[in-house]
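Below is one structure, written out as structure tokens, with a few remarks after it.
The values are calculated or read from the model by the stated rules, or taken from the named source; none is laboratory data. Computed from a predicted structure; not experimentally measured. Here Cβ is always computed from backbone atoms with ideal geometry, including for glycine, and neighbour counts include all displayed protein chains.
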Amino acid sequence: MMEVSTIRDAGREDADLLTRLIAESFRDVARRYSLTPDNCSKHPSNCQTSWVVADLARGVRYFIVSRHDEPVGCVGLEQKDADVAFLERLAVLPEHRRLGLGRSLVRHAIVQAQGNGSSRVSAAIIADHTELKEWYQRLGFFEMGTTTFPHLPFAVTFLELTISESANHRVEDITVNAPNPHP
Ligand SMILES: CC(C)(COP(=O)(O)OP(=O)(O)OC[C@H]1O[C@@H](n2cnc3c(N)ncnc32)[C@H](O)[C@@H]1OP(=O)(O)O)[C@@H](O)C(=O)NCCC(=O)NCCS
């Protein structure tokens with residue numbers, strides 16, 4: 001069967017779906033780093049609908065990727081300031097990984113950020129998550145530094161991509177749906 005993937009803008013009506021995609025996709029990360037609701041209550045594996053609703057209310061745009069009409073992943077994009085957009089809660093369900101969907105979501109978000117006039121896109125990851133860091137680096141991100149936060153039981157590495165240096169970030173390998181008319 002031909003692979004058909006689509007990415008669309010998410011709206012308020014997608015809040016429960018986004019919450020499920022995020023919580024289920026981050027479960028293996030929580031297991032790997034022994035993150036629980038007690039030691040890391042804000043980890044995306046504990047995602048609640050209220051978090052997504054609050055994100056949308058403060059202007060975070062979410063995109064949902066589907067395979068054969070089944071939603072299987074998402075990413076959030078937050079405009080931090082005129083120049084910088086932040087990728088948040090990038091998530092692909094485990095059984096749909098390694099098909100290029102994560103890469104397509106990131107590229108889609110980069111194109112959207114570019115459309116908003118951003119020149120840089122940032123992301124933050126668990127510092128020890130080396131494969132993920134290398135994956136972002138293959139997409140054109142550079143490591144900016146690592147820091148600790150009192151409320152997090154792991155160090156955080158910040159990554160950044162300069163959009164002008166990634167002019168080939170076009171969503172060629174995916175069909176992009178028109179934005180939801182009622183976001
Ligand atoms: C990160 C994530 C979104 C990637 O989604 P995906 O759809 O599998 O991504 P792609 O198919 O585009 O790319 C997969 C890449 O990761 C690599 N990869 C995937 N699983 C891997 C694993 N278990 N070990 C090592 N590398 C792995 C593959 O080699 C591939 O890289 P390549 O295409 O350059 O060879 C997905 O793994 C995920 O949801 N993880 C849990 C949540 C998370 O950590 N999100 C990021 C928060 S910043």
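Being over 23 Å from Val4 (Cα atoms) and more than 14 Å from the ligand (Cβ to nearest atom) is the filter here; which residues of segment 62-84 pass it? Give the steps one after another, and end with the answer.
Here is the first cut: in segment 62-84, the ones over 23 Å from Val4 (Cα atoms) are 77-84.
Matches in segment 62-84: Gln79, Lys80, Asp81, Ala82, Asp83, Val84.
In the condition set (1) farther than 19 Å from Glu78 by Cα; (2) in contact (Cβ under 8 Å) with a residue 60 or more places away in the chain, His108 is compliant with all but (1). Annotation note: Cβ proximity below 7 Å between a residue of segment 1-26 that is among the acidic types (Asp, Glu) and a residue that is at pLDDT below 95 (sequence gap 6+ or interchain) occurs for Asp9/Pro179; Asp9/Asn180; Asp9/Pro183.
Within segment 21-58, the set of residues being in contact with a Pro (Cβ under 6 Å, 6 or more places away or on another chain) and surrounded by 19 or more Cβ atoms within 10 Å (Cβ to Cβ) comprises Ile22, Phe26.
Out of curiosity, is Glu165 modelled with pLDDT of 95 or more, in a helix (DSSP H, G or I) and over 16 Å from the mean Cα position of the chain (by Cα)? No, not satisfied. Of all residues in segment 1-32, those satisfying the criterion of being farther than 26 Å from Ala57 by Cβ, over 17 Å from the mean Cα position of the chain (by Cα) and of a type in the set (D, E, K, R) are Glu3, Arg31, Arg32. Scan segment 114-133 and report the pairs whose first residue is assigned to a strand (DSSP E or B) and whose second residue is of a type in the set (S, T, N, Q) and within 16 Å of the ligand (Cβ to nearest atom), with Cβ atoms within less than 9 Å and a gap of 6+ or a chain change. Filtered contacts from segment 114-133: Val121/Ser166; Ala124/Thr157; Ile125/Thr157; Ile126/Thr157.
Close Cβ contacts (under 8 Å, 6 or more residues apart or on different chains) running from residues in segment 35-61 that are more than 14 Å from Ile22 (Cβ to Cβ) and without any contact (Cβ under 8 Å) to a residue 60 or more places away in the chain to residues that are within 16 Å of the ligand (Cβ to nearest atom) and part of a helix (DSSP H, G or I) comprise Thr36/Ala30; Pro37/Asn46.
Scan segment 116-132 residue by residue and report those that are in contact with a strand residue (DSSP E or B) (Cβ under 6 Å, 6 or more places away or on another chain) and under 21 Å from Phe26 (Cα atoms). Of everything in segment 116-132, those that are in contact with a strand residue (DSSP E or B) (Cβ under 6 Å, 6 or more places away or on another chain) and under 21 Å from Phe26 (Cα atoms) turn out to be Ser122, Ala123, Ala124, Ile125, Ala127, Leu132.
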